[in-house]
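Take a look at the structure set out below.
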Amino acid sequence: MLLTREEQTHDFGGARFDLDRDRDVLSWIFSQFLFGEVTGVQVGSWLAQAPDFEAAQFLARQANEEMAHVKLFLRVLRALDAKPKPPHRALRFLATDFAGGTYLEHTALEMALGEGFVLMAIYALIDTLPESEARNLLIGLSRQEEGHVTFGEEQTIRGLRRDPSRGRHLLGLALVSVLGIGQLARWVRKRYGSHEVLSQMPAFLRAATRAAELRLRRIGVLDRPLEAIPGGERAALMAGSVARRYGRAMNPFRPKPAPLTETYLRDPELRARLEGSAPARLR
């Protein structure tokens, strides 16, 4: 990843969850993860738009990993003797209604930025849960999430190299995502503000926003600190990006990206496999 573990970590000052005392709040938290993983399974829909065979292989593997993550969180909820709870409206919006409409939007918003937020939340749970099966499962899951974030970062960098003008559009959408995460964090603090861990949501949100800013700068979407963007410019960026995002989706004459079947013969990996080895004789 472009960020270290330390750059994606908030210090909770020794605050901890208790698996028995916090059964209700933990079941809500893991239910949000469960919803996110179910939406992650839909990554398979991007296979047709993968820019090359290597990306298609990764997306196919990721879809399978997301299915395994669904089972993991069901296992955690079962261990808590809890039933899944509905997702918060901000999470539902970010993961479904505001999902990327193009491959570049998907890799930037959902994978680099969105899964980056998820990864920080997983790190936070690893740091605040007691030794348990749930914590061990999250440690294993975090390694796969790191791979997803890395893929999103790399694909976004490649996409912006091909078309740097898309950076401002992605920035506008990213600013909307940060607002959505802020709404979720404020609701958590309002609902569970007396909890020693969750009462720190404002500070955790600031840490998550700083990490998102670092990521946006390192992938080439942001060229200055977020605080240096005037409020009016932010509003214009968000409004313009949202209008393009949904206006494009409603345009019946919009050009469609070439599917993998039209591009695979030019794929560098496949050509390397052909040109880099001696001809094999069929038996």
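The values are calculated or read from the model by the stated rules, or taken from the named source; none is laboratory data. Source: prediction; values computed, not measured. Positions of Cβ are backbone-derived with ideal geometry, glycine not excepted, and every protein chain shown enters the neighbour counts. Please note that ligands, DNA and RNA were not included when accessible areas were found on the heavy atoms of the full protein model with its side chains. Shrake-Rupley method; radii C 1.70, N 1.55, O 1.52, S 1.80 Å.
Here is how the numbers come out for the structure above:
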{"item": "Rounded percent of accessible protein surface that carbon and sulfur make up, the chain, 1.4 Å probe", "result": "56"}
{"item": "For the range 200-210, Karplus couplings with θ = phi - 60° (6.51, -1.76, 1.60), whole Hz, Gly/Pro x", "result": "8, 4, x, 5, 5, 4, 4, 5, 5, 5, 4"}
{"item": "For the chain: accessible area per residue (Å², 1.4 Å)", "result": "53"}
{"item": "Inter-label distance for residue 48 and residue 15, nm, one decimal - labels placed 7 Å from Cα along Cα-to-Cβ", "result": "4.6"}
{"item": "Whole-Hz couplings from phi, Karplus 6.51/-1.76/1.60, listed for the range 61-78; x for Gly and Pro", "result": "5, 5, 4, 5, 5, 5, 5, 5, 5, 4, 5, 4, 6, 5, 5, 5, 5, 5"}
{"item": "Integer Hz, Karplus 6.51/-1.76/1.60 couplings in order for the range 28-43, x for Gly and Pro", "result": "5, 4, 5, 5, 5, 4, 4, 4, x, 5, 5, 5, x, 4, 5, 4"}
{"item": "Reach of residue 71 by Cα under 16 Å, taken over aspartates and glutamates that are not fewer than 8 positions away in the same chain", "result": "37, 81, 133, 145"}
